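This report refers to the structure that appears directly beneath it.
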Amino acid sequence: MKASFIITAFLIALMQLPASAQTDIISDSTTKEEILIGKVNRRQLQTGEFGKYFIYNYTNYAPEQKIINELKNRIYRHDIVVVLGTWCSDSHKEVPRFFKILDKLEYNTNSVELICVDRNKTAGDVDVSSLDIERVPIFIFLIDGTEKGRIVETPNMSLEEDIFEILNN
């Protein structure tokens, strides 16, 4: 009984911790507005100034259902890393759309690694030097730690079509 009380208290305390210990809020060097840097979670992207863009673009995006159906059995074995800038207009547009696709696919979005960078493409305490970031957002698809493909900044066709091309190569 005492052990279950301690475990319950520990779990409640964990839920009270900040959403990500590797997230910082800094002032953007250009706009002086607050931006996120470091590892974040979806909930953080759905609040604040970025959240306005997130909700609008998520709600108003209708991925092509035929392609969604084709992706369903192909995406689950992939790990996904998304690098974005909460200051970036392409991130405002494409990241919420990407989550809409993942939600339609019933992909576990809690497992998506989200990293916010500043205009210099640095992420605070998170080392992103190996990711070769020049523009954001970047959607990286991996299998067993090996990159299979990425979408950089804007899709060539549509997000779902570009994802389909990556997963079929």
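Observations on the model:
- Along each principal axis, taking the top coordinate minus the bottom one, the Cα set of the chain gives 55, 44, 33 Å in descending order.
- Gained length - K93 relative to T31, 0.36 nm times residue gap less alpha-carbon distance: 20.5 nm
- Tensor-based shape of segment 109-157 (alpha-carbon gyration tensor, a/c under 1.5 rounded, otherwise prolate or oblate): oblate
- Percentage relative contact order, the chain, counting C-alpha pairs under 8 Å, at least six apart: 25 percent
- Residue (of T23, T154, I140) at the positive-pole extreme of the chain, dipole from beta-carbon charges: T23
- Structure-based [θ]222 nm, the chain - -39500 (n - 2.57) summed over DSSP H runs of at least 4, per residue, nearest 500: -11000 deg cm²/dmol
- The residues neighbouring G149, those whose beta-carbon lies less than 13 Å from its own, together hold a net charge of -2 under the Lys/Arg +1, Asp/Glu -1 convention.
- Lys pairs under 28 Å by Cα in the chain, provided they are eight or more residues apart or on distinct chains: 29
- Relative to the current alpha-carbon distance between T59 and S129, full extension at 0.36 nm per residue lengthens the span by 21.9 nm.
- Modelled this way, with points 7 Å down the Cα-to-C-beta line, the labels at T47 and E147 are 3.2 nm from one another.
- DSSP bridge analysis restricted to segment 21-167 gives an antiparallel fraction near 85%, rounded to the nearest 5.
- Residue by residue, segment 162-167 carries 3J(HN,Hα) couplings of 5, 4, 4, 4, 5, 6 Hz when phi is fed to the Karplus relation 6.51 cos²θ - 1.76 cosθ + 1.60 (θ = phi - 60°); x denotes Gly or Pro.
Any read-out appearing in this document is the output of simple, stated calculations on the displayed coordinates, not a laboratory observation. Owing to the predicted nature of the structure, the values given are computational and were not obtained by experimental measurement. Virtual Cβ from ideal backbone geometry, glycine too; neighbours counted across all protein chains shown.
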